[in-house]
Amino acid sequence: MSLDASIFSGGHGHPFAESTAALGEILEERGWRTRVLLTLEDTVASLPHTDLLVVNALYWSMTQHEKYAPFRERLAFWASDSQIDRLESWVGAGGRLLAMHTACLCFDTQPRWLGLLGGGWTWGVSYHPALGPIKVELTDGGRFELVDEVYHHLSPRPEAEVWARGAVNEGPQPVVWTRRYGEGRVALDALGHDRRSFDAPAHRALIGRLLDWLAA
């Protein structure tokens, strides 16, 4: 396969420009040619020419709490059925998808998105403690520390293979996993709030391993 990657980037409450730049560096180190896309419409349109789709974004309906009210007019978003259809079909036919951090909160009115990821954020159940020092334990051995957020209660599906757990509040939580979807491959890395996370050597190495798995 060729090595063309599209990164869908942007949204609320996170420094997406800097985290996407860091992701681009990691991808390019692994031989991927990258382009950044700022709308889901353009991202879906790029799929026929993309081998890897990276979602590093936070777009959702913003209806869960009034604290989001000031941002709704500009940022509230509903993915369409046809957009989710095309994402599912593309992955199922052999596409590769890497969902980073807030990607597991996106498209909350489309349950099939979390079905594609193999789990993710459930409003009213999932939460995260404040950004700060965390410990990450790798399933195949090893551990590292970094400054990040640990999303709690993401509930990966039985078909997901957990690669790493983060510990800060209620004990180790699954934060990195992979799964097969039809002929395609999906990886979710719920770490990556800001550049500090991507600059941590052990996290960069873990993302590199995910990219190798996705490219296989």
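A short reminder: the numbers here are calculations on the coordinates, not readings from a lab. Computed from a prediction, not measured in an experiment: that's the story for all the values here. Here Cβ is always computed from backbone atoms with ideal geometry, including for glycine, and neighbour counts include all displayed protein chains.
Some values worked out for this structure:
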quantity: Per-peptide average of other Cβ atoms within 10 Å, ordering 196-204, 71-79 highest first; calculated: 196-204, 71-79
quantity: Span per principal axis, largest first, for the Cα atoms of segment 70-125 (Å); calculated: 40, 24, 17
quantity: For segment 57-216: relative contact order, % (alpha-carbon pairs under 8 angstrom, 6 or more apart); calculated: 23 percent
quantity: Inter-part distance where segment 115-138 and segment 4-55 are each reduced to a Cα centre, Å; calculated: 21 Å
quantity: Taking segment 79-151 and dividing mean pair separation by its residue count, relative contact order in percent (alpha carbons under 8 Å, at least six apart); calculated: 22 percent
quantity: Rg to Rh, two decimals, where the chain supplies the alpha carbon set and Rh follows Kirkwood; calculated: 0.93
quantity: Spacing of the two label points (7 Å from each Cα toward its C-beta) at A21 and E170, in nm; calculated: 3.6 nm
quantity: Cα-based equivalent ellipsoid of segment 130-190: semi-axis lengths in Å, sorted from largest, via gyration tensor; calculated: 22, 12, 10
quantity: Length-normalised contact order for segment 1-144 - Cα pairs under 8 Å, 6+ apart - percent; calculated: 23 percent
quantity: Förster radius 25 Å - calculated FRET efficiency between A69 and T109 (Cβ-Cβ, nearest 0.05); calculated: 0.90
quantity: D81-E137 pseudo-label distance in nm [points 7 Å out on the Cα-to-Cβ vector]; calculated: 4.4 nm
